[in-house]
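Quick notes on the structure that follows.
The values are calculated or read from the model by the stated rules, or taken from the named source; none is laboratory data. All of these numbers come straight from a predicted model, not from anything done at the bench. We place every Cβ from the backbone using ideal geometry, glycine too, and count neighbours over all the protein chains shown. Please note that ligands, DNA and RNA were not included when accessible areas were found on the heavy atoms of the full protein model with its side chains. Shrake-Rupley method; radii C 1.70, N 1.55, O 1.52, S 1.80 Å.
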Amino acid sequence: MTRLQQSRTSRLTRPSLAIAAAIAVTAGVVAAAPDAQTAEPTPKLSLIAASTSVTLDSWKEEPGVYLDLGTYLTSENGALELKVTRKSYKDPVVAAQILRDGKKTRTKALPAGLVKDFTGLPDFTRITLTDAAGAKVLETTEAFCPNNASGRVRPDAPANSKYPESCPTNPFTLGSVWGVENGWASNTYAGYYTKPVQLAAGTYTAEIGVTEKYRKLFGIADKPQTVKVVVRERSWEDSAGSAARGAAKSTTSGHDAHAQHGGHARHDAHARHGAAADAPAPGAATSGAGPSFNAGHGPYPSAPPALPWALKRKSLGRQALTAAEPGDGPGRTDGSRQAPGALPNAKRPTGKASVPDVPKPDLRSLPAYGITVSDGYEEVPGRDYLAFSANVWNAGPAKLVVDGFRSPGKEVMDAYQYFYDADGKQVGYTPTGGMEWDPRPGHEHWHFLDFASYRLLSADQKETVRSGKEAFCLANTDAVDYTVKNASWHPGNTDLSTACGSENSISVREVLDVGSGDTYTQDLPGQSFDITDLPNGTYYIQVLANPENRLKETDHGNNSALREVVLGGEKGARTVTVPPHHLVDAN
């Protein structure tokens, strides 16, 4: 199997030194704003430009220009914080602003219908481009994710932002928290959530402003920013060697898949897992999972972090980042982070196993999505398969912690689930199956057995086909609901290269944090459903967490989720229709 978030080399092209200098100058101006300790608690938001000019590349092999214009939304006198939720899939998404004054907190509801999903504030900025003759050549709006690439704009601001690193794109997300930390700024560039625009090489003037509805809603001054834009045409053949060309192609494939939004991960990702030249892992454009080795864990191939200028190399131009290069650093939470895996206990547990009366995880399944019909690739030619993505998440209030320990000469690790009290002290454990090494290309990590199972049910909900996939390496790939109690906004264990051990590991710890889920894309024969000989009609994809109830959790009654599908066509040309799941209309 393989993995996703919905994410994650960049299309940003401005020189990093110039940007850093521009932000420093801007920061000096912003720093004059009143301090949050003495001013009224309502945050003051402003649109700023990091530079007066940017250079954008238009690639011959990939027509279009991405409008990364270097504008940011700053927050002073307190943080901009938004809570975005839906009660169920039958209810619309609603958003509220959280206003904090010391220990006092009040909530201000945003207008109904303003936010329709969890990817950000729609139509937040308006961008107008004029050419050298003064003629308007483009007018468009872009959405804004407050959790975008961000950084401090004054030295006395908090050293770290408490807010998550991305806005989730999983269609079955239930809750999210968005924010711009006090004294910080967040990039307004929509990145891979937007489409490239067609611009000929030349010089333009861009005017970027916050749209009227948000100026009124948040009290933002009507002060558009003006940026000189130089568009230059380039070719992969002219850039720095095959490495740069391969990087660009890798980036392209990620963007294309993100634009399709719902197609299953590319089959060839499985064969490349673990190689230094891998494309970044599947995931959302600014996902905390970042470039990593998460082949197949998730529905979308890679899209880059929104703002990794600190990682650019001017000599390579549009070059790729290797998996080892990205990472958090001082003042940067740009979504390129690879959160390290948790370390297992030094020794396997001793003494009597017990399941104490302390908070436990609550594993829940999301309905399947990313549903497509595929053939059997070269493995099983002439067969039809139903491929899909599935997510099991942890609603808390405690994280799921499982350690595996290897005995000499044994191929399967013994697995143990641990329990913790309110102070984080381990107070119990219980055996919970095992972990096995998967040596296949595209895997090469330790799988925890019996975490979830997938079944295709007939119209009367009787089992028709079962997926062969039941062993998993756990990682926090998707932010499903960061509003639940004890949700971790900065989970560790976000990618397989850190979470799942190596062939010579003697112990492994796998964790599913509160609020996060793990998406697997079932797109290979043996994982996807063989529908070659099934009659046309209505079926249900069942995602079942903890199928043998080996893991101890607070509620076993919410472990199953169903998604209706309708099969049609004929052998070799099967079709699938996916009706909406209440208000969620995503295949």
Of all residues in the stretch 53-68 being assigned to a strand (DSSP E or B) and touching a Ser or Thr at 6+ places or on another chain (Cβ under 9 Å), the one that is most open to solvent (accessible area, probe 1.4 Å): THR55
Picking from GLY517, GLY568, the residue that is more than 16 Å from GLU463 (Cα to Cα) and under 24 Å from the mean Cα position of the chain (by Cα) would be GLY517
Considering only residues of the stretch 391-420 that are under 30 Å from the mean Cα position of the chain (by Cα) and among the charged types (D, E, K, R), which is least open to solvent (accessible area, probe 1.4 Å)? ASP403
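Please work out if LEU82 is under 27 Å from PRO171 (Cα atoms) and surrounded by 19 or more Cβ atoms within 10 Å (Cβ to Cβ). Explain how you work it out, then say what you get.
Numbers: under 27 Å from PRO171 (Cα atoms): yes; surrounded by 19 or more Cβ atoms within 10 Å (Cβ to Cβ): yes.
Yes; evaluated as a whole, the condition is true for this residue.
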I need the strands (runs of 3 or more DSSP E) fully contained in the stretch 165-284, keeping only those with at least 1 residues that are at pLDDT 95 or above and open to solvent by less than 60 Å² (accessible area, probe 1.4 Å). 175-180, 202-210, 225-234
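Could we say that GLN527 is at pLDDT below 90 and either among the β-branched types (Val, Ile, Thr) or closer than 16 Å to THR477 by Cα (or both) here?
Details: at pLDDT below 90: yes; either among the β-branched types (Val, Ile, Thr) or closer than 16 Å to THR477 by Cα (or both): no.
The answer is no for GLN527.
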Having 3 or more residues that are open to solvent by 10 Å² or more (accessible area, probe 1.4 Å) and of a type outside the set (Gly, Ala, Ser) is the bar; report the strands (runs of 3 or more DSSP E) wholly within the stretch 479-581 that clear it. 537-545, 560-570, 573-577
Is at least one residue of the stretch 73-86 under 30 Å from ARG232 (Cβ atoms) and either modelled with pLDDT of 95 or more or of a type in the set (Gly, Ala, Ser) (or both)? yes
